[in-house]
Amino acid sequence: MSDIKKIKDEILNKLNADLNIESINQIKSELFGKKGKISNSFKNLGSLPTEERKKFASDLNFVKDELQEKINKKIQEIEIKEINSKLQNEKVDVTLPERNIVQGKIHPVSQVIDELSSIFSEIGFSVEEGPDVENEHYNFTALNTPDNHPARDMHDTFYLDDKKELLLRTHTSPVQVRTMLKGKPPFKIIAPGRTYRSDSDQTHAPMFHQVEGLHIDKNVNMGHLKGCLTYFIKSFFEVDKIKMRFRPSHFPFTEPSAEVDIGYELKDGKIVIGEGDRWLEILGCGMVHPNVLKNVKINLDNYQGYAFGIGIDRLAMLKYGINDLRAFFETDYRWLNHFGFDPLDVPSNYRGLSR
Ligand code: DAH
């Protein structure tokens, strides 16, 4: 017993010191480790005479529990001390001046996509998406543009393989095909997104943006097409009157087809819409060709409709007076700071969509 008492006093003495977790662990293994003092005493029990053994075992257990409890208490104390000192050291000083924050700007193209999505959604269009890497079938053949059709040359296509099966979509029109194949009419969708052609000058970039529109239902006609586009253009430019002209044109996937130009004027090198005698072509449209509807198994006796494809970058140039398209994609922060939009500013024609 005197041995046990010695161990106990010695440990209690040690525990009184200012300890950290490592020194506590050391004490623990000194007592309870393989060759620890308490573990050894238990091992020695066997060599004691029976009468002594019982008493010694009970004393030993008692001291063991007592020390264990003291050690646990000490660990708790240390942990609380550590937390308190952490709280003290990591205190946030709310009176410090703030760091400089550089706020990003929304690119005019993203802004215009937001605006046009909200305008079209107001008149019942939903938004669809398609892949940038398209196959030749959806981009051309299903759109009534077979091999050797001259319109294929006009598109300056970026092909991705020798067989010319995979390509970067040259327009958003393949989304028409994808949408009609996966659903049942009626359809009333727009599909904004990136498009690609090997072309570059002041009003053309190899990567640009279009929004496709498609409305198929029982009695949809050219009058609806004109009404829809006029409504869109007026809402988008926030004007009651606008100079717009529908010119007869040709697209393989529409019959009849038209192109729409917007009237504008250059004032001090800046574009002003609705005045002057210059015209900028911004979209192609028409009644969906019966061959396209056949390709997606739509019954021509019951359904017909119109489609359109609008150049989004051109819309942005016209609305926000930007006269060089190439600057859109040069990622020059000075340009973006000037022409970009503050994410927290709500535009005057904001209609409550997406942001
Ligand atoms: N896909 C045509 C182009 O990129 C634009 C277009 C014209 C889309 C007529 C249409 C359409 O949906 O009906 O030049």
Near V92, within a Cβ-to-Cβ distance under 15 Å, what is the net charge of the other residues, with Lys and Arg +1 and Asp and Glu -1? 0
The long-range amide H neighbours of R278, using H built 1.01 Å from N in the peptide plane and a cut-off of under 5 Å, are Y264
Using Cα pairs closer than 8 Å and at least 6 residues apart in sequence, work out the relative contact order for the stretch 2-89, in percent. 34
Listed by chain and number, the residues whose amide H is under 5 Å from that of H250, excluding neighbours fewer than 5 places away on the same chain and using placed H, are none
Size of charge dipole - the stretch 211-304 - debye, nearest 20, with Cβ of Lys, Arg +1 and Asp, Glu -1, no other charges: 160
Cut-off 15 Å between beta-carbons: net charge of the residues surrounding N337, Lys and Arg +1, Asp and Glu -1: -2
Which one, Y306, H289, T50, projects farthest toward the positive side of the charge dipole computed for the chain from Cβ point charges (K/R +1, D/E -1)? T50
Arrange T157, T203 by Cβ neighbour counts within 10 Å, fewest through most, would you? T203, T157
Can you tell me the orientation of helix 50-89 relative to the chain, as the angle in degrees between its alpha-carbon axis and the longest Cα principal axis, to the nearest 10? 40
So what's the gap between the Cα centers of the stretch 178-240 and the stretch 1-74, to the nearest angstrom? 84
Length-normalised contact order for the chain - Cα pairs under 8 Å, 6+ apart - percent: 16
Say the cut-off is 21 Å between C-alpha atoms; which of K164/K184; K163/K184; K270/K319; K8/K73 go over it? K164/K184; K163/K184
Give me the net charge for the shell around G284: Cβ to Cβ below 13 angstrom, other residues only, Lys and Arg +1, Asp and Glu -1. -3
Per the rule of 0.36 nm per residue minus the C-alpha distance, extending N291 to L344 adds in nm 14.4 nm
If R0 is 51 Å, what FRET efficiency do you get for K270 and N148 from their C-beta distance, rounded to 0.05? 0.70
Kindly identify the stretch 108-339 as rounded, prolate or oblate by the Cα gyration tensor criterion: order the square roots of the eigenvalues as a ≥ b ≥ c, call it rounded if a/c is under 1.5, otherwise compare a/b with b/c, prolate if a/b is larger, else oblate. oblate
Between the alpha carbon centres of the stretch 254-333 and the stretch 89-137 the gap in Å comes to 23
Expected sort for V239, V272 with the fewest Cβ neighbours (10 Å cutoff) up front is V239, V272
Mind pulling the angle between the C-alpha long axis of helix 2-15 and the longest principal axis of the chain? Nearest 10 degrees, somewhere in 0 to 90. 40
Global form of the stretch 249-355, assessed from the alpha-carbon gyration tensor, a/c cut-off 1.5: prolate
Roughly how many debye, to the nearest 20, is the charge dipole of the chain about its Cα centre, given +1 on each Lys and Arg Cβ, -1 on each Asp and Glu Cβ, and no other charges? 1500
Expressed in nm to one decimal, what extension gain is obtained for the pair K182 and I101 from 0.36 nm per residue of sequence separation less their Cα-Cα distance? 24.6 nm
Under a straight-distance cross-link criterion of Cα-Cα below 19 Å, which lysines are reachable from K188, leaving out those fewer than 8 residues away in the same chain? K218, K226, K294, K297
Set Lys and Arg Cβ to +1 and Asp and Glu Cβ to -1, take the dipole of the chain about its Cα centre, and tell me which of I78, F208, Q111 lies farthest positive. I78
Any residue on another chain or 5+ positions along whose placed amide H is under 5 Å from the amide H of H209 is listed here as T195, I312, D313
Nothing charged except the Cβ atoms of Lys and Arg (+1) and of Asp and Glu (-1): what's the magnitude of the dipole of the stretch 2-89 about its Cα centre? Round to the nearest 20 debye. 260
Compute the acute angle (0 to 90°) between the alpha-carbon long axis of helix 108-122 and the principal axis of greatest extent of the alpha-carbon atoms of the chain; round to the nearest 10°. 80
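Quick note: the coordinates plus some simple rules give every number you see, no bench work behind them. In this text, all values refer to a predicted model and were calculated from it rather than measured experimentally. Neighbour counts run over all protein chains shown; Cβ positions are idealised from the backbone, glycine included.
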